[in-house]
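One structure is given here, and the rest of the page talks about it.
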Amino acid sequence: MSILRLLFNILWFVLGGFVMGLLWWLAGLLCFISIMGIPFGRSCFVIGEMAFWPFGQDAVNRRYINRYDDIGTGTMGTLGNIIWFLFFGIWLAIGHLGHALVCFISIIGIPFGIQHLKLAMLSLAPIGKTVVARHAI
C-alpha cells in the first residue's frame, strides 16, 4: 500500500501539486511580512507541505489532537479564519477547485480531484488545523 501512496504522490507532484504547494508557500511568505501574520504563515507552510504530498496525510482540528482548546481553535481562531478567507483562502480554494475540475475529466484523475477538493475545503479555514500522517490499518 505504501508503494501505491508513493506513486500517487509522485504523480500528484508532477501533475499540479508542485504549483499549488508553491502557491501555499507564497501565501506563507506574504503572511510573514507582518508580525500578526506569522501564525498564518506557519499554517501555510505546514499545509503547503501537505499540498506537495497529500496522499497519506489528513488535516485535523488541533482540539482533537491536544484534547483542549488553544488560541487557534477558539474564538480567535474563528476570527483568524475570517481574515484568512478574505485575503488568501478564497484564492487558494479557487486554485484547488480549478485543478479538481481538470482532474475529474478523466477517470484516472478522480483520486487527484478528491485531494484537491480536500485541500480546497482546508484552504477556506486552516487556522486551528494540523496535518497528521494517516496510518493504514
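Taken together, the values in this text are just the output of simple stated rules run on the coordinates, not laboratory data. Predicted model, so just to flag it, every value in this text is computed and none were measured. Neighbour counts are summed over all protein chains in view; Cβ atoms, including those assigned to glycine, are modelled from backbone coordinates with ideal geometry.
Brief remarks follow.
- Remark: pairs (first residue in the stretch 68-80, touching a residue at least 40 places away in the same chain (Cβ under 8 Å); second residue outside any loop (DSSP other than H, G, I, E, B); Cβ separation under 6 Å; 6+ apart in sequence or on different chains) = THR73/ARG62; THR73/ARG63.
Listed here are the residues, each with its yes/no results for (1) in contact (Cβ under 8 Å) with a residue 12 or more places away in the chain; (2) not basic (Lys, Arg).
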{"residue": "ALA59", "(1), (2)": "yes, yes"}
{"residue": "GLY89", "(1), (2)": "yes, yes"}
{"residue": "LEU97", "(1), (2)": "yes, yes"}
{"residue": "SER106", "(1), (2)": "no, yes"}
{"residue": "GLN115", "(1), (2)": "yes, yes"}
{"residue": "LYS118", "(1), (2)": "yes, no"}
{"residue": "LEU124", "(1), (2)": "yes, yes"}
{"residue": "ALA133", "(1), (2)": "yes, yes"}
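- Residue satisfying condition, being surrounded by 19 or more Cβ atoms within 10 Å (Cβ to Cβ) and among the β-branched types (Val, Ile, Thr), within set ILE3, ILE47: ILE47
- Scanning the stretch 20-36 for residues that are surrounded by 21 or more Cβ atoms within 10 Å (Cβ to Cβ) and either free of Cβ contacts under 8 Å to residues at least 40 places away in the same chain or basic (Lys, Arg) (or both) returns GLY21, GLY28.
- Test result for VAL14, β-branched (Val, Ile, Thr) and touching a residue at least 40 places away in the same chain (Cβ under 8 Å): no
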